[in-house]
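First the structure, in the form of C-alpha cells, and then the observations on it.
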Amino acid sequence: MIKVAVIGAGILGEVHAQAVSEGVHEELVAVCDLNPVRAETIAKQYQIHAYTDYHEMLKQEEIDAVIVATPDFAAEPVIACLQSEKHVLMEKPLATTLPDAKRIREEKNKHPGLCCMVNYTNRWSPPFAKAKEMIQSGKMGGGYILAYSY
C-alpha cells in the first residue's frame with residue numbers, strides 16, 4: 001500500500017482525499033491545512049490524522065507520497081515534500097513565478113528517484129477535450145472560433 005497525505009484541505013484537497021480513500025493500492029494517512037477546522041473535518045471523515053503544519057506531518061507520519069493542493073503561489077510545501085524524500089503530485093500550475101518553478105526543479109533534480117508531477121486534469125475534462133478536438137479538426141482556431149453548444 002502506498003501511504004498518501006494531502007496538503008491543502010480545500011475543494012481540490014477534498015477531492016483528492018476521497019479519490020485516495022477509494023483506491024485499492026493507496027491508503028490515506030494524513031491531511032494538513034492551515035485552517036484546523038478544514039483539516040479536522042477531512043481527518044474525521046476518513047479517520048486519519050490532521051495537521052496544521054506540513055513540516056510536522058512530514059516528520060510524524062509514515063508517508064510515501066503527498067498530494068499538494070495548496071494555492072497556486074505556494075511552492076514551499078512541494079519543496080519540503082521533496083526534501084523529505086516523498087513523491088509529489090501537485091495541483092496546477094507548477095508555480096506562479098519562474099524563480100519558484102526553478103526552485104522546484106532544482107530540488108527535484110536532487111532526488112532523481114522521486115516522482116514529482118503536476119495534475120493536469122483539464123486534459124480529460126469534457127469541455128477542454130472538446131475544444132482540443134475542435135482545434136485539431138480545424139473547426140476552431142486559425143484566427144476564428146465557431147460557436148459550439150453542448
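Observations
- Scan of the stretch 12-22 for residues that are surrounded by 19 or more Cβ atoms within 10 Å (Cβ to Cβ) and either farther than 20 Å from M1 by Cα or touching a helix residue (DSSP H, G or I) at 6+ places or on another chain (Cβ under 8 Å) (or both), ordered by number: G13, A17
- Any chance M140 is in contact with a Cys (Cβ under 8 Å, 6 or more places away or on another chain) and either modelled with pLDDT under 90 or open to solvent by less than 30 Å² (accessible area, probe 1.4 Å) (or both): no
Yes or no, residue by residue, for (1) touching a residue at least 12 places away in the same chain (Cβ under 8 Å); (2) more than 15 Å from L89 (Cβ to Cβ); (3) part of a helix (DSSP H, G or I); (4) within 12 Å of the chain's Cα centre (by Cα):
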residue: L12; (1), (2), (3), (4): yes, no, yes, yes
residue: L34; (1), (2), (3), (4): yes, yes, no, no
residue: R38; (1), (2), (3), (4): yes, yes, yes, no
residue: I42; (1), (2), (3), (4): yes, yes, yes, no
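- Consider the stretch 61-116 and keep the residues that are basic (K, R) and part of a helix (DSSP H, G or I). The one that is least open to solvent (accessible area, probe 1.4 Å) is K108.
- Within the stretch 23-60, the set of residues being open to solvent by 30 Å² or more (accessible area, probe 1.4 Å) and under 19 Å from M117 (Cβ atoms) comprises H25, E26, Y54.
- So V20, is it at pLDDT 95 or above and either farther than 20 Å from C115 by Cβ or assigned to a strand (DSSP E or B) (or both): no
- The numbered conditions (1) without any contact (Cβ under 8 Å) to a residue 40 or more places away in the chain; (2) within 24 Å of I11 (Cβ to Cβ); (3) over 13 Å from the mean Cα position of the chain (by Cα) are all true for P112 except (2).
The values are calculated or read from the model by the stated rules, or taken from the named source; none is laboratory data. Please read all numbers here as calculations on a predicted model, not as lab measurements. All Cβ positions, glycine included, derive from the backbone under ideal geometry; neighbour counts span all protein chains shown. In case anyone asks, the SASA skips ligands and DNA or RNA and just uses the protein heavy atoms, side chains included. Shrake-Rupley method; radii C 1.70, N 1.55, O 1.52, S 1.80 Å.
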